[in-house]
Amino acid sequence: MLKLKKYEEYSSDLVSIYYFDEYIPKYTHTDDGFSNALLVFKETKDVEMIDFFSKLIQKQIKDGQEYVVCLVPSTDMNEKWPAIRHVAYQVRKEKKLIMGEHIILRNKTIPKQKIFRNSIETHLDSLSLFSSFKDVIKNQKVILFDDIITTGTSFNACAKLLLENGAKKIIGIVLGKTKKLYK
């Protein structure tokens with residue numbers, strides 16, 4: 001069974017990131033079962049995979065916790081419901097957490113991370129908080145969902161935006177951490 005592991009490289013006092021397993025990117029033509037399942041999840045928004053990841057995450061969150069649920073938006077500003085948003089929604093609903101999946105907005109499309117290594121500044125320039133809901137995160141612990149973490153820039157840009165706007169702590173839940181194939 002998959003369990004969350006701490007991603008030490010990108011964690012700090014205010015940001016803790018956890019992931020389930022390493023992910024091998026599509027272009028490597030892998031036979032890795034987890035990577036293939038994650039690709040199906042991302043590309044097809046398969047209901048069974050959404051349910052699988054939602055239940056896996058729900059087991060990791062204690063009942064009665066007061067968290068706001070947010071997510072790292074897609075690099076494509078027109079993609080409003082990526083598969084990870086469905087997972088975040090189900091986890092929030094089941095665990096009775098505070099709604100916030102829509103708080104971080106992508107104002108302009110930027111190149112995908114696997115194609116172009118965007119800086120934190122590039123991400124911050126393309127992100128904003130939905131102003132009507134800024135008070136929702138003030139003094140709150142936020143669970144920040146993302147499907148895959150590669151360089152950490154998109155995740156860290158979102159975490160920085162949340163912290164600068166009053167969030168108390170960020171707990172990142174990422175399904176897969178991109179495996180470094182070359183050193």
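Annotation note: of Asn107, Asn139, the sole residue that is in contact with a Lys or Arg (Cβ under 6 Å, 6 or more places away or on another chain) and surrounded by fewer than 22 Cβ atoms within 10 Å (Cβ to Cβ) is Asn139. In the stretch 25-74, the residue that is nearest to the chain's Cα centre (by Cα) out of those that are closer than 24 Å to Ile110 by Cβ and of a type in the set (Val, Ile, Thr) is Val72.
Among the residues of the stretch 18-44, the ones that are in contact with a helix residue (DSSP H, G or I) (Cβ under 6 Å, 6 or more places away or on another chain) and surrounded by 16 or more Cβ atoms within 10 Å (Cβ to Cβ) come to 6 in all. Screening Asp146 against (1) at positive phi; (2) in a strand (DSSP E or B) leaves a single unmet condition, (1). If the condition is being closer than 23 Å to Leu144 by Cβ and exposed (fewer than 13 other Cβ atoms within 10 Å of the Cβ), then the stretch 45-62 contributes Lys59, Lys62.
Taken over the stretch 70-91, residues that are over 18 Å from Phe41 (Cα atoms) and surrounded by fewer than 22 Cβ atoms within 10 Å (Cβ to Cβ) amount to 2. May I ask you to list the residues in the stretch 63-93 that are over 15 Å from Phe145 (Cβ atoms) and free of Cβ contacts under 8 Å to residues at least 24 places away in the same chain? Correct list: Gly64 only. Taking the stretch 110-136 as the range and being in a strand (DSSP E or B) and crowded, with 16+ Cβ neighbours inside 10 Å as the test, the residues that pass are Leu127, Leu129. In the stretch 42-62, the residues that are within 14 Å of Gly176 (Cβ to Cβ) form Cβ pairs under 6 Å with partners that are surrounded by 13 or more Cβ atoms within 10 Å (Cβ to Cβ) and of a type in the set (D, E, K, R), at six or more places apart or across chains, as follows: Lys42/Asp147. Take the conditions without any contact (Cβ under 8 Å) to a residue 40 or more places away in the chain, more than 21 Å from Lys138 (Cα to Cα) and not hydrophobic (A, V, I, L, M, F, W, C) and apply them to Asp32. Does it pass? In short, yes. Among the residues of the stretch 1-17, write down those that are surrounded by 15 or more Cβ atoms within 10 Å (Cβ to Cβ), over 15 Å from Gly176 (Cβ atoms) and at pLDDT 90 or above. Val15, Ser16, listed by residue number. Scanning for something modelled with pLDDT under 90 and either among the aliphatic types (A, V, I, L, M) or within 18 Å of Ala159 (Cβ to Cβ) (or both), does the stretch 44-51 turn up at least one residue? No, the stretch 44-51 has no match at all.
Out of all the residues in the stretch 171-182, is one or more without any contact (Cβ under 8 Å) to a residue 60 or more places away in the chain, within 27 Å of Lys3 (Cβ to Cβ) and part of a helix (DSSP H, G or I)? No, the stretch 171-182 contains no residue that is without any contact (Cβ under 8 Å) to a residue 60 or more places away in the chain, within 27 Å of Lys3 (Cβ to Cβ) and part of a helix (DSSP H, G or I).
The values are calculated or read from the model by the stated rules, or taken from the named source; none is laboratory data. These numbers were taken from a predicted model, which means no experiment stands behind them. Ideal geometry is used to build each Cβ from the backbone, glycine not excepted, and the neighbour counts take in all protein chains shown.
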